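Shown next, in structure tokens, is the structure this report addresses.
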Amino acid sequence: MMEEDKESLKKQVEYLQQQLHKQEKMASLGLLSAGIAHEIQNPLNFVINFGKMSVNLLKDLQSIVADCADTMTEDDAADLKDISVDLQENLAKIQEHGERAISIIRGILLYSRGKAGEMLPTDIGQLVHEYVWLSYHAMRANDKSFNITIREEIQEQMPKVMVIPQDISRAVLNVMNNACYTVKERAGQEGADYKPTIVVKVTLDQQDAASGELRIDITDNGMGMTPEVREKIFENFFTTKPAGQGTGLGMSITHDIIVKNHGGRLLVETEPKAGTTFTFIIPVKIVK
């Protein structure tokens, strides 16, 4: 074996060792996240329940105030009405955001409990929504100036479908991370005139009561890809990102998740300086 080949092989082995080390860390982090999520769920339940109780108490208070309206001045009655309206709005916000936090935590617990490769009944619209915004907020955490428009077109009242939720969430996250990266790159080149946008669509073509075809489209108006790059994006270790910013494994893993693990198709439409659309098409069983 030539010295150059030996050196290349050595680098690949070192790289794989680094990736395995990262995966071990991620596995530990997953267990820790599940534990934290479980502990947070209990106090959140108290917040939501006491919020609901407070709504009922406020209604009782409003009834008492209405009965005593004749004994109050107009100014006092107006002040009490304004305060009760503000309290009602605040309690509604507490309940809304508490329920959203609970739904995120339940998702984390569901996905962390699932065995590798296990199909589970999944609210796919909610899953995609959560991981789209997780990707965005992760980018924002690293760069406060990062800001984009995200448009979601998620089919309403979709039934739950059988997928491997850990895998689908990872695939969505991989594509969204790339979409965020490419619109950020184009924004850096074109400035204020460019409006970075990502459009996410989720639809279910229900073929009968028990089966259908799930479609997830993630479209960005970023840098797009040349035909040469398009041909290589699913190859292991291929990346267009600078050293240290990409592993070159994300799209290869995504391809395996959609095609091998779910028996689906992964389509790509792209044009330089126009953007890219990744489409997951997955045959699914519908949960009644």
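Please determine whether any residue of segment 141-150 is in contact with a helix residue (DSSP H, G or I) (Cβ under 6 Å, 6 or more places away or on another chain), farther than 23 Å from VAL259 by Cβ and either touching a residue at least 40 places away in the same chain (Cβ under 8 Å) or assigned by TED's automatic domain parsing to the domain that holds ARG215 (or both).
As a first pass, look at segment 141-150 and keep what is in contact with a helix residue (DSSP H, G or I) (Cβ under 6 Å, 6 or more places away or on another chain): 146, 148.
Now narrow it down to the ones that are farther than 23 Å from VAL259 by Cβ: 146, 148.
Right, trim to either touching a residue at least 40 places away in the same chain (Cβ under 8 Å) or assigned by TED's automatic domain parsing to the domain that holds ARG215 (or both) and you get 146, 148.
Within segment 141-150, one or more residues are in contact with a helix residue (DSSP H, G or I) (Cβ under 6 Å, 6 or more places away or on another chain), farther than 23 Å from VAL259 by Cβ and either touching a residue at least 40 places away in the same chain (Cβ under 8 Å) or assigned by TED's automatic domain parsing to the domain that holds ARG215 (or both).
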Query raised in the report: Looking at segment 231-247, is at least one residue in contact with a Pro (Cβ under 9 Å, 6 or more places away or on another chain), surrounded by fewer than 17 Cβ atoms within 10 Å (Cβ to Cβ) and either at pLDDT below 95 or among the polar types (S, T, N, Q) (or both)?
Result: no
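Taking segment 252-272 as the region of interest, how many residues are in contact with a helix residue (DSSP H, G or I) (Cβ under 8 Å, 6 or more places away or on another chain) and more than 16 Å from ILE164 (Cβ to Cβ)?
Residues flagged as in contact with a helix residue (DSSP H, G or I) (Cβ under 8 Å, 6 or more places away or on another chain) and more than 16 Å from ILE164 (Cβ to Cβ) within segment 252-272 amount to 3.
Listed here are the residues, each with its yes/no results for (1) outside any helix (DSSP H, G or I); (2) crowded, with 16+ Cβ neighbours inside 10 Å; (3) outside the structural domain of GLY263 (by TED's automatic domain parsing).
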residue	(1), (2), (3)
GLU152	yes, no, no
MET158	yes, yes, no
ASP167	no, yes, no
ARG170	no, yes, no
**Report entry** Unmet criterion (only one of (1) at pLDDT below 95; (2) surrounded by fewer than 19 Cβ atoms within 10 Å (Cβ to Cβ)) for ASN174
**Finding:** (2)
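The values are calculated or read from the model by the stated rules, or taken from the named source; none is laboratory data. Since the structure is predicted, the reported quantities are computational estimates derived from the model, not experimental observations. Neighbour counts are summed over all protein chains in view; Cβ atoms, including those assigned to glycine, are modelled from backbone coordinates with ideal geometry.
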